[in-house]
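Working notes, structure below.
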Amino acid sequence: MSISYTGGCQCGQIRYEIRAIPLTLYACHCTECQKQSSSAFGMSMPVPRDAVIILKGKPKQWKRISHSGREVNCFFCGECGTRLFHNPERNPKISNIKPGTLDDTSWLKPVGHTWTKSAQKWVILNDGMLNYKKQPHNFNPLFEQFKAEEQSKINKQ
């Protein structure tokens with residue numbers, strides 16, 4: 001079975017493919033994600049970095065320092081500005097895809113929330129999800145929860 005997810009920017013200049021199952025999906029409420037997304041939160045979908053294939057175009061890159069003081073390489077379309085993915089220095093094996101750029105977003109369901117201490121007051125968090133006031137020290141619970149929920153979907157089919 002071939003695993004593939006495709007996506008791209010708003011103007012179509014950049015197209016990508018992910019050739020691996022995502023590791024997890026979560027919403028981040030840090031102020032940087034709020035600015036980057038121009039919204040109340042951003043979503044991140046970590047995938048193995050070597051599974052991200054650029055099919056068309058060449059994303060521009062911008063480096064920023066995260067709340068933890070580590071560098072994050074941010075990739076976006078130089079034409080329309082769509083943020084596509086981030087490569088965090090803290091984990092060189094993953095890329096954090098911005099899942100709103102996927103062609104099919106109908107299946108997206110975050111398993112948790114990070115940086116809830118800076119969440120907008122009107123955002124209602126589900127207590128049944130994995131919620132972290134700041135950046136979790138260990139992402140394994142988010143990975144395990146996502147894997148369990150994906151396996152549950154497969155078992156129901």
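Since every read-out is calculated from the coordinates, none of them should be taken as a lab result. No experiment lies behind these values; they were computed from the predicted model shown. Backbone-built Cβ (ideal geometry, glycine too); neighbour counts: all protein chains shown.
Relative to one another, the C-alpha centroids of the range 102-157 and the range 1-61 are positioned 16 Å apart. As a quick test, which of the pairs Lys98/Lys133; Lys63/Lys109; Lys56/Lys156; Lys60/Lys93 have an alpha carbon distance above 30 angstrom in this structure? Over 30 Å Cα-Cα: Lys56/Lys156.
Charge tally around Met43: other residues with Cβ under 15 Å, Lys/Arg +1 each, Asp/Glu -1 each, net +2. Assign one of three labels to the range 17-76, namely rounded, prolate or oblate, based on the Cα gyration tensor with a ≥ b ≥ c the square roots of its eigenvalues; rounded applies when a/c is under 1.5, prolate when it is not and a/b is larger than b/c, and oblate otherwise. It is prolate, given that a/c is not under 1.5 and a/b is the larger ratio.
Near the amide H of Leu84, within less than 5 Å, lie the amide hydrogens of Phe75, Phe76, Cys77, all on another chain or at least 5 residues away, with H placed in the peptide plane.
For the chain, the fraction of alpha-carbon pairs lying more than 24 Å apart is 32 percent, rounded to a whole number. Using θ = phi - 60° in the Karplus curve 6.51 cos²θ - 1.76 cosθ + 1.60, the 3J(HN,Hα) couplings for the range 82-92 round to 4, 6, 9, 6, 10, 10, x, 5, 5, 9, x Hz; x is entered for Gly and Pro.
Comparing Ser118, Ser95, Ser38 in a Gaussian network model of the chain (Cα springs below 10 Å), the most mobile by mean-square fluctuation is Ser38.
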